[in-house]
Amino acid sequence: MASTVSTCQRHLSTSETGGTDMFPDRPNRRGFLIAGTTTAATALATGASGLLLPAHAQGLAPTRSMRGGSNNYLPGAPIVGRIGGGGFWMAGTVRRAGDGAPLGGVRIQIWAHTTEGHERDPHSHGATLTDADGAFRLEMPQIVPAFGQPHGHLAYDDANFETVFLRPVMPSAKDTSLSAHFVLRPV
């Protein structure tokens, strides 16, 4: 019986209006307003002004080079209409970091281990230029697995933007296309 009385006494308290409040732990309007005012004042006093200011957009982040992307890279691969006999398409886009503007006339080098040669072979390398919308597309032989993964290599290596090497992996060795997208940071 004593435990029942002490439990009931804990839930009974005198409210601010002089009456008895059966649930003093339950938030009321006055407590809510006081807590909100205290939280806002604390935020201002501690310099947490970011809570009161609108967020600012950071822009489009630059693409980071992928691990293994530069493997078997040969600087200066020629601009070609197609690598080898074709049958597989490598495509993508190139945009400027920050504002995301498309970059036309940008040279992208492409190479891979294909049905016609290893990725270290010069005839497995080629380059193409982006169009006015920043898009590129180059036909090449079917990519086949190297080190257990079917993958391609792409590079941006010009002087106007930071160098980026990509190594996208294909979901399946039976795929007949692969896309990769660059966001380049000006130098």
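The values are calculated or read from the model by the stated rules, or taken from the named source; none is laboratory data. Predicted model only: the values in this text are computed from it and were never measured. Here the Cβ is made from the backbone with ideal geometry for all residues, glycine too, and neighbour counts use every protein chain on show.
So, of the residues in segment 39-67 that are of a type in the set (Gly, Ala, Ser) and modelled with pLDDT of 95 or more, which turns out to be farthest from residue 153 (Cα to Cα)? Steps first, answer last, please.
So the first thing to find is which residues in segment 39-67 are of a type in the set (Gly, Ala, Ser), and the list is 40-41, 43, 45, 47-50, 55, 57, 59, 61, 65.
Next, only the ones that are modelled with pLDDT of 95 or more stay: 61, 65.
Values: 61: 21, 65: 11 Å.
That would be 61.
Cβ contacts < 6 Å: first residue more than 19 Å from residue 163 (Cβ to Cβ), restricted to segment 93-107; second residue of a type in the set (A, V, I, L, M) and surrounded by 13 or more Cβ atoms within 10 Å (Cβ to Cβ), any location; separation 6+ or different chain. Result?
Every condition considered, the pairs that remain are 100/60.
Take segment 68-80 and flag every residue that is within 24 Å of residue 146 (Cα to Cα), out of contact with any Phe, Trp or Tyr (no Cβ under 9 Å at 6 or more places or on another chain) and at pLDDT 95 or above. Steps first, please.
Start the filter on segment 68-80 by keeping residues that are within 24 Å of residue 146 (Cα to Cα), which leaves 68-78, 80.
Going one step further and asking which of them are out of contact with any Phe, Trp or Tyr (no Cβ under 9 Å at 6 or more places or on another chain), we end up with 75-76, 78, 80.
Matches in segment 68-80: 78, 80.
Identify all residues within segment 81-107 that are closer than 28 Å to residue 148 by Cβ and part of a loop (DSSP other than H, G, I, E, B); write none if there are none.
So in segment 81-107, the residues closer than 28 Å to residue 148 by Cβ come out as 82-92.
Within segment 81-107, 83, 84, 85, 86, 87 meet the criteria.
Is it true that residue 147 is in the same structural domain as residue 168 (by TED's automatic domain parsing) and at pLDDT below 95? Show your work before the answer.
Working: in the same structural domain as residue 168 (by TED's automatic domain parsing): yes; at pLDDT below 95: yes.
Yes.
Name the residue that is farthest from residue 134 (Cα to Cα), counting only residues in segment 145-187 that are basic (Lys, Arg) and surrounded by 12 or more Cβ atoms within 10 Å (Cβ to Cβ).
Here is the first cut: in segment 145-187, the ones basic (Lys, Arg) are 167, 174, 185.
When the remaining residues are screened for being surrounded by 12 or more Cβ atoms within 10 Å (Cβ to Cβ), the result is 167, 185.
Numbers: 167: 19, 185: 15 Å.
Among residues in segment 145-187 that are basic (Lys, Arg) and surrounded by 12 or more Cβ atoms within 10 Å (Cβ to Cβ), the one farthest from residue 134 (Cα to Cα) is 167.
If a residue must be out of contact with any Lys or Arg (no Cβ under 8 Å at 6 or more places or on another chain) and under 23 Å from residue 94 (Cβ atoms), how many such residues does segment 132-149 contain?
Selection size over segment 132-149: 6.
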